[in-house]
1. Can you tell me which residue among A:E91, A:E82 is in the same structural domain as A:P54 (by TED's automatic domain parsing), surrounded by 13 or more Cβ atoms within 10 Å (Cβ to Cβ) and either under 17 Å from A:V66 (Cα atoms) or at pLDDT 85 or above (or both)?
2. Check B:S154, B:S91, B:S138 and return the single one that is closer than 24 Å to B:I310 by Cα and either buried (at least 19 other Cβ atoms within 10 Å of the Cβ) or of a type outside the set (D, E) (or both).
3. Note down all Cβ pairs under 6 Å where the first residue falls in the stretch A:46-58 and is in contact (Cβ under 8 Å) with a residue 12 or more places away in the chain and under 15 Å from A:L149 (Cβ atoms), the second is among the acidic types (D, E) and assigned to a loop (DSSP other than H, G, I, E, B), and they're at least six residues apart or on different chains.
4. Is there a residue in the stretch A:167-175 that is over 18 Å from A:V55 (Cα atoms) and in contact with a Gly (Cβ under 6 Å, 6 or more places away or on another chain)?
5. Among the residues in the stretch B:251-263, are any farther than 25 Å from B:A93 by Cα, within 14 Å of chain A (Cβ to nearest Cβ), aliphatic (A, V, I, L, M) and under 20 Å from the mean Cα position of the chain (by Cα)?
6. Return the residues of the stretch A:145-186 that are under 16 Å from the mean Cα position of the chain (by Cα) and under 19 Å from A:E60 (Cβ atoms); say none if nothing qualifies.
7. Take B:S234 and tell me if it is hydroxyl-bearing (S, T, Y) and closer than 27 Å to A:T8 by Cα.
8. What residue, of B:S206, B:S257, B:S247, is free of Cβ contacts under 8 Å to residues at least 40 places away in the same chain, assigned to a helix (DSSP H, G or I) and in contact with a Phe, Trp or Tyr (Cβ under 9 Å, 6 or more places away or on another chain)?
Amino acid sequence: MTTTIQKTMKGLWSLIVGLKVTGKEFCRPWITVHYPRQEVTNLDTFRGHIDLVPVLDDPEKPLCIVCRRCEEVCPSGCIRIEGHVPGEEKEVPVRQLLLVSNISLPHSAAREPICATDKTLRVLDGFSLNYNLCSLCGLCVQSCPVSSLTFSSDVYLAGASRKDFEFDLLQRLIDRAGSTKLKKAA
Amino acid sequence: MTQILQFLMLPLVHLIVALIAILTFIALNGLILVYVERKVAGFIQRRPGPFEVGPHGLLQPLADALKLVGKQLVMPRGADRILFWVAPLLSFAPVAICLLPIPFGPYLLGLNVNLGLLLVLAFSGLNVLALCLAGWGSNNKYALLGAARAVAQSVAYEIPLLLSVLCVAFTCGSLSFVDITASQTRGLLSWNVFSQPLAFLIFFVSALAETNRAPFDLPEAESELTAGFHTEYSGMGFGLFFLAEYSYMIVVSAVASVLFLGGWSGPFFSGHWWMLGKIYALILIMMWFRWTYPRVRFDQLLNICWKWLIPLSLINLLGTALIINLVR
């Protein structure tokens, strides 16, 4: 009998404690971001699609050494890289850019290795990303030996067709460099 | 001028004017309480709540009401046509009568009847019937389950509610709201909540259950029964149930403030402002409860009633009767 009453008293007290908690929260300021009026400032950890990182002194030149590790490690097969060894003639691209018309299924484990193992200097000619297939696993960013890849932070990326999500990352890098130059000039 | 006053003093005219005023009050209250409830929910969860329609979202309930009025009335196949449409009307209609005998101020009173308490209890009981009919008439299993819960819950909680109300009726010796208020006008300490604290607590808990408010909102338990008894209602059918729920909140808060908190009497300035203040304070506490406590399980709900509230209110009633007899 006494234990029942004790239990009940404890339960009733817990009700008051609950009211105290919500009452306190009621009086404190909002913690949500009031979107159209405020925006999130901390986007460091946001994973957008990948972007190329330029070398320090030339914003138009990517850090990429065309080792193709990212292309090989990508489980969705959404990266295509074209490059050539300086002095030699540009390779005629064997693979076409990944377009909507010929989306290939993710490669099986038995595919031939495509990443370069030698230390030949190569120059990047094209870096195409099919963001429709990307699962944002981040393996490409992790596996890049020269940290040439980073996640972009465009939170508001939206498009009306698949074509809007096929990016030429090299072109994007050059465009970004151009826009920063313009800004500096202004 | 005197002729107009005489015309207004006619009982029928008085009644009609009072009913119209009460209906206006209820409709306005519906708008205000929807807004307040959503704001309270927002603040407790530390978000702004409705904000986009009008300044600080003030026009949001108006937009909601317009949407509800504009919607098509749909009835599911196989539903009972008459019962299905009678239910929301039956749920809402008694509210006006329930507010009629409640004195909002010394002179602000719709109908002075000496059995006002009985009138309110009798007509508020009709709401259970409405929920039952809605659940039965919808031809929907969730609605039926909700209706079954509503009936079990309301029948159970009506008993402690009545017993705690009886305590007050014993001490005041009257069933008229006017007399009960009059007996509490001798200062703060004459309020019944100080002489009958247990009865007040039992009344408030039972009132929460009677109005199907959280944590006793089992008849509509959205996580288990989609929406319980009003699953199949859209548009104004749903709107009427919604309005009825908020109106019953007003009714139970008004009855609680008259029975236990001194009605319109209060320190410094007695009058309808005190009454409104008490009503809204109680409603705010109900909302606070809703956003604090999780819904109880059905067996817990009935256990609280049969094992705690009814024995406690019986003991309280017997004690009250004994003391009153000894004093006399």
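1. Step by step, each of A:E91, A:E82 is checked, and only A:E82 is in the same structural domain as A:P54 (by TED's automatic domain parsing), surrounded by 13 or more Cβ atoms within 10 Å (Cβ to Cβ) and either under 17 Å from A:V66 (Cα atoms) or at pLDDT 85 or above (or both).
2. Answer to the selection: B:S154.
3. A:G48/A:D154
4. no
5. No, that holds for no residue.
6. If the condition is that a residue be under 16 Å from the mean Cα position of the chain (by Cα) and under 19 Å from A:E60 (Cβ atoms), then A:S147, A:S148, A:L149, A:T150, A:S152, A:F167, A:D168, A:L169, A:L170, A:R172, A:L173 are the ones that fit.
7. Here the answer is no, as B:S234 does not meet what is asked.
8. Only one candidate passes the filter, namely B:S257.
The values are calculated or read from the model by the stated rules, or taken from the named source; none is laboratory data. Quick caveat, the model's predicted, so the values are computed rather than measured. Cβ coordinates were reconstructed from backbone atoms using ideal geometry, including for glycine residues, and neighbour counts include every protein chain displayed.
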